[in-house]
Amino acid sequence: MLETERLTLRTWTLRDADFVFDMYSRHEVRRYIGRGDVMQEREEAVRLLERWSELQHPIHHIWAVERTVDERVLGVLLLKSIPASGTDGAPSGDTEIGWHLHPDAWGHGYASEAAARVLRFAFEAGLEKVVAVTNPANTASQSVCRRIGMRHKGQTDAYYDTICELFEATP
Ligand SMILES: CC(C)(COP(=O)(O)OP(=O)(O)OC[C@H]1O[C@@H](n2cnc3c(N)ncnc32)[C@H](O)[C@@H]1OP(=O)(O)O)[C@@H](O)C(=O)NCCC(=O)NCCS
């Protein structure tokens, strides 16, 4: 569990399925993620939570971001392996940080606050570099990268078989 001034980052449980389904069934959340497909059924959220719970890694985690004062779930923070292009999803060797918040939680600085904490966690755990990639049109996410001090490296096609804006952070 990680804590910030306003937030708690904790493990997901199956009790979070309604929230995850609500968040990922929204076009405005999914439009810059992968192919942009929205969830159609709650069962997809359950399967995703089951996959997340199988991730056992000393540094990589997928956290639920909760507002500490009222335990309201706001979204997800990810620190995970990023797949290389042209490999059918094989790991590139790099670690990416990512964030998906429910639209009701946008505009309060929660994503940046949680992401800054996860970046600190990553470097305390010994990572030498963390990358973030965004769809070139996803200016909100690029702003999060900049707010937490990541450097813009231009565009890359090295990951996810697509062209992304690349941001990097080092300790
Ligand atoms: C990307 C995403 C997480 C950004 O959320 P966000 O709320 O804009 O980001 P932040 O947490 O940094 O908040 C910054 C906003 O909060 C405002 N804010 C209010 N109080 C604040 C505070 N105490 N501290 C910092 N910012 C604050 C800022 O002014 C800014 O608003 P603005 O964009 O209107 O200028 C969100 O758009 C999202 O979940 N999108 C869908 C998923 C997605 O695309 N993820 C990224 C894939 S690469």
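In the complete set of protein chains, residue-level accessible area for VAL69 is approximately 130 Å², probe 1.4 angstrom. The mean accessible area for residues of the chain, using a 1.4 Å probe and ignoring ligands and nucleic acids, is 53 Å² per residue. Taking every full run of DSSP H in the chain, the ones that stretch at least 18 Å from end to end by Cα along their long axis and average 0.0 or higher on the Kyte-Doolittle scale are 110-124.
From its DSSP helices (H runs of at least four residues, each -39,500 (n - 2.57)), the chain gives a residue-normalised ellipticity at 222 nm of -8500 deg cm²/dmol.
Calculate the dipole size of the chain relative to its Cα centre from +1 charges on Lys and Arg beta carbons and -1 charges on Asp and Glu beta carbons; express the result in debye to the nearest 20. Computed about the Cα centre, the dipole is about 420 debye. Here is the list for the range 1-90: GluC sites (Glu not before Pro) lying in DSSP coil, each with at most 16 other C-beta atoms within 10 angstrom of its C-beta, are GLU5, GLU41, GLU71.
At a 1.4 Å probe, what is the % contribution of carbon and sulfur to the accessible area of the chain? Here carbon and sulfur together make up 47 percent of the probe-accessible area.
Take the chain and mark each of the trypsin sites (Lys or Arg not before Pro) that is in a DSSP loop with at most 16 other Cβ atoms within 10 Å; the longest unmarked stretch, sites excluded, is 36-128. For ARG151, the shell of other residues with beta-carbons less than 13 Å away shows a net charge of +2, using +1 for Lys and Arg and -1 for Asp and Glu.
The values are calculated or read from the model by the stated rules, or taken from the named source; none is laboratory data. From a predicted model like this one, the values you see are computed outputs, not experimental measurements. Glycine also receives a Cβ, built like all others from the backbone with ideal geometry; neighbour counts cover every protein chain displayed. Only protein heavy atoms, including side chains, enter the accessible area calculation; ligands, DNA and RNA are left aside. Shrake-Rupley method; radii C 1.70, N 1.55, O 1.52, S 1.80 Å.
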